[in-house]
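These notes are about the structure you will find just below.
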Amino acid sequence: MSTARAASLVTPTLTLALLLTACSLTGGHPAGHPAGDPPDLADIPAIDINANDRSHTRQGGTLNWAIAHWGGQFQAHHTQGNLAGQAHILGALLPRAHTFDAQGTPAPNTAYVERTTLSHDGTRLTYHLNPAATWSTGQPITWNDYRATAELLSTPTPGDFATGGARQGYDRIDRILPGHDDYEFTLVFSEPYSEWPRLFEFVYPARYMSDADAFNHGYRDRIPVTAGPFKVDHIDPAAKTLTLVRDNTWWGTPAKLDRIVFHTMDRAAMPGAFLNGEIDTFYLGHNASAYERVHGHEGTHVTRAIDNGYRMIQLNAASPALADIDVRRAITYGIDRSVLADISLRPIDWPGDPTVNRLIRSSQPHFHDNSGDYGHQDLDKARRLLRRAGWRATKGTDYRHNVHGDELSLRYLIPAGPAITEHEATAVQHMLAEIGVKIEIETVPLDAYLNDHLQRGDFALTSLSLTGTTPYAGSYHTVYGGPFGHDDSGAPHWADNHAHLSSAQINDTFRRMAAETTPKLYYDLANTIDRALWDQATSIPFLQRPGTWAVRDDLANFGAFGLASIDYADIAYLH
């Protein structure tokens, strides 16, 4: 799954075929980079979590964790549930079939799945569930819960279920066969599926995946059933806080912390809350003012790792002027990505490198810059493309017009709060004015930005970050592929594809990649998709998202996880 704030996976053959290698790792905090000598991307480690054995940590304590968005929808498969904050909350509460280490290597999450077995031809995958696993209601977690998830998410026409039609690999499933008992089942794939550890990233009780009303509303502003090392103590939708406490009925390794409290707050308020001791961690990202306030403060560590995400300018091809590929390509050539990267990254002592691959992180093998000419500002080429598209320079005005006298004006939508987003939009406004494109910046409240504008395609341009929850390139199919079926009116479902455009080539290459078990060929196909996306000109990535978290320096086993899964039971404070 990829999240916008923007997107789960045993024979040794497939496991070894998709092993992901990382940059240098560290058990504790990495050494700081010499002052005045900005690092290269190769200098940034893959993970920074102050890793410590549980025996070195103390029992108890509270982790106050700040998040930026309160969507209120805790059904992760719902179109409004795909937010990073929700994923962090649900990770402590719900079953997940597989987890990933710092290299992105998958392993069964044995609290729920004891083992998985794949047939030699790669088309039959058998799950052996842990019979000790139970829901918070006391009911066992059985194959029926997995069946309900697979059946709904493999359905091309979800009807009243607000899944957006995105099927994330479940479309490969032909049949779901019961096993010898309630704790065994087999998935039969239509063709080999190399990304199968992506499946069952979040599992819900069957009734919440089988009934549309329960699916759409059962986890809205509440989390009625859980099955993890923590359970819900209190949810306050008005205050936008959620408190988890250790679940003593948990059958796995017990949690070290007593509780985790998630606090929703404006990003601008997080540094002050951290320095005042109100919160213990927050994602700092590339917020220069926040970095300046907390970096070097006593008792504070700012993590440094390659994050599983990136930031980009999103172009909406459903916007009238941007329906023309020449206009979209002109916008791409009109923007200097290195300036945008510098605005965000240099102030936090991070390499101001705009190199981004949409599907592969720099800590993974076969990472490649596919931008070609598109990655470099070329104002003359941008102007030629606009003229070819019918947008001419007009005497007496700074902006271009078409034969009907319409001005080439694009609405750049940004959420209220993050100053860096306004800086990005203003920089783009000045750059595109050089080629005669008028940018009108509109700021809206964050909730409205996500639900009323971004999800509905009510914008021409915007800046957003995408973060992945698995190491697989196929996680981005819902972001760049589609459409994923149609609603009752015949309108296409675009899932997380805010460009509202894809191609048969892109969709087919995603399909071929997901079936490819040879590492080089798998990544070759991922790079083919990335090149096609540059040609399509519906997104302009300009920085790999930095893994910079502000954390208490006595907090262990928490921070920047990169490709790895969070082990909530191991998060603790040092003795």
Practice item. Please calculate how many Å² of accessible area region 51-163 carries per residue, with a 1.4 Å probe and no DNA, RNA or ligand atoms counted. Key: 34
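How far, in nm, would the chain grow between Asp524 and Ala268 when pulled straight, counting 0.36 nm per residue and subtracting the alpha carbon separation? Numbers along the way, then the final one.
Working: separation 256, 0.36 × 256 = 92.16 nm, distance 4.07 nm.
That pair, Asp524 and Ala268, stretches by 88.1 nm at full extension.
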Study note, to complete from the structure: Packing-ranked peptide list from 76-84, 293-301, highest mean Cβ count within 10 angstrom first, is 76-84, 293-301
Exercise for review: Before rounding to the nearest 500, sum -39500 (n - 2.57) across all DSSP H runs of length at least 4 in the chain and divide by the residue total; then give [θ] at 222 nm in deg cm²/dmol.
Suggested key: -6000 deg cm²/dmol
Review point. With a Cα-only, solvent-free Debye model of region 362-434, what are the log10 I(q)/I(0) values at q = 0.26, 0.27 Å⁻¹?
Key: -1.18, -1.20
Practice item. Note the full-extension length gain between Glu434 and Arg392 as 0.36 nm times their separation in residues minus their Cα-Cα distance, in nm to one decimal. Key: 13.8 nm
Practice item. List, in order, the whole-Hz ³J(HN,Hα) value for each residue of region 549-565 obtained from phi through the Karplus relation with A = 6.51, B = -1.76, C = 1.60 and θ = phi - 60°; use x for Gly and Pro. Key: 10, 8, 9, 4, 6, 9, 8, 10, 6, 8, x, 8, 8, x, 7, 7, 7
Exercise for review: Pop out the carbon and sulfur fraction of the accessible area of the chain as a percent, whole number, probe 1.4 Å.
Suggested key: 48
Practice item. Please work out the average accessible area per residue across region 418-535, using the 1.4 Å probe convention, and give it in Å². Key: 37
Check your understanding: What shape does region 38-99 have by the C-alpha gyration tensor, where a ≥ b ≥ c are the square roots of the eigenvalues, rounded means a/c under 1.5, and otherwise prolate means a/b greater than b/c and oblate the rest?
Key -> oblate
Review point. Using a basic spin-label model with each label point 7 Å from the Cα along Cα→Cβ, how many nm lie between His368 and His295?
Key: 3.4
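Would you check the chain for Lys pairs whose C-alpha atoms are within less than 28 Å, ignoring same-chain pairs closer than 8 in sequence, and give me the count?
Numbers: Lys231/Lys240; Lys231/Lys256; Lys240/Lys256; Lys381/Lys395; Lys381/Lys438; Lys395/Lys438.
Eligible lysine pairs with Cα atoms under 28 Å apart amount to 6.
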**Study point:** For region 56-73, 3J(HN,Hα) per residue [Karplus equation, 6.51 cos²θ - 1.76 cosθ + 1.60, θ = phi - 60°, Hz, x = Gly/Pro]
**Key:** 8, 10, 9, 7, x, x, 10, 9, 9, 10, 8, 10, 8, 10, 10, x, x, 9
Check your understanding: What is the distance in Å between the Cα centres of region 473-498 and region 109-124?
Key -> 28
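What accessible area per residue, rounded to a whole number of Å², is obtained for region 234-390 using a probe radius of 1.4 Å? Provide the component values of the computation, followed by the final result.
Working: 5910 Å² over 157 residues.
Per residue, region 234-390 has an accessible area of 38 Å².
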Revision key, fill the gap. With every protein chain in place, the accessible area of Glu440 for a 1.4 Å probe, in Å² rounded to the nearest 10, comes to 90
**Study point:** Solvent-accessible surface (1.4 angstrom probe) belonging to Lys240, in square angstrom, nearest 10
**Key:** 70
Practice item. Give me the distance between the Cα centres of region 396-414 and region 311-340, rounded to whole Å. Key: 14
Review point. How big is the Cα convex hull of the chain in projection, averaged over all directions, in nm²?
Key: 25.3
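The values are calculated or read from the model by the stated rules, or taken from the named source; none is laboratory data. This structure is a prediction, so every number in the text was calculated from the model and none was measured. FYI the Cβ positions are ideal-geometry reconstructions off the backbone, even for glycines, and counts take in every protein chain you see. What goes into the accessible areas is simple: the full protein's heavy atoms, side chains included, and nothing from ligands, DNA or RNA. Shrake-Rupley method; radii C 1.70, N 1.55, O 1.52, S 1.80 Å.
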